Amino acid sequence: MPNGKRELTNTEKEAFLKDNRFGVLAFAGDKPYALTMGYKYFKEAVVFGMVRTGRKLDYIKKNPNVCFLVWQMGAQSTVPSLKEQRYSSVMLEGKLEEIPEADRSYYELQAPPEGVDLVNFVLKPNAVGTLSANK
């Protein structure tokens, strides 16, 4: 790639996604909508927890296809091969699927706090793009 940019290796991608905890979740719909979300990377999937109300759930009901972007400045990375990079990013595209109660243990999810109506979704990406740029 020109300008010192390169694709991350599969090993770097896995380490990068495990190393981070936040990204931007973008929804399809009549109006663009994106928000910062915490996540857990587990078994080649991204897991989200959300309260069962709000705009994001309305978007998911209408169209569960999403894009999720995680980025990090290189100096902050704990992935040795990415530490000297200016930045790295991974973009995942796919469909959000609600995790049934029976499958929560597979994803090692804890019970939500008392009184919190939490729903978990999994994104098993059908497309992954990566990028790293050197200094």
Top of Gln110, Gln85, Gln76 by mean-square fluctuation, Gaussian network on the chain, Cα under 10 Å: Gln110
Choice from Ala102, Ala15, Ala34 with maximal GNM fluctuation in the chain (Cα, 10 Å cutoff): Ala102
Neighbour net charge for Tyr107 - beta-carbon separation under 13 angstrom, K R +1, D E -1: -2
For segment 5-134, with +1 on Lys and Arg beta carbons and -1 on Asp and Glu, the positive-most of Val116, Met37, Tyr87 along the dipole: Tyr87
Under 5 Å, built H, 5+ apart or other chain: amide partners of Leu8: Thr130, Leu131, Ser132
Between 0 and 90°, nearest 10: helix 10-19 axis offset from the chain longest Cα axis: 60
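For the chain, give the magnitude of the charge dipole about the Cα centre (Cβ charges: +1 Lys/Arg, -1 Asp/Glu; no others), in debye to the nearest 20. Mind showing how you got there, number by number?
Values: 19 positive and 16 negative charges, 98 e Å.
Using only the charged Cβ atoms, the result is roughly 480 debye.
No value in this document is a laboratory result; all are computed from the given coordinates. Everything numeric in this text was worked out from a predicted model, so none of it was measured. Cβ coordinates were reconstructed from backbone atoms using ideal geometry, including for glycine residues, and neighbour counts include every protein chain displayed.
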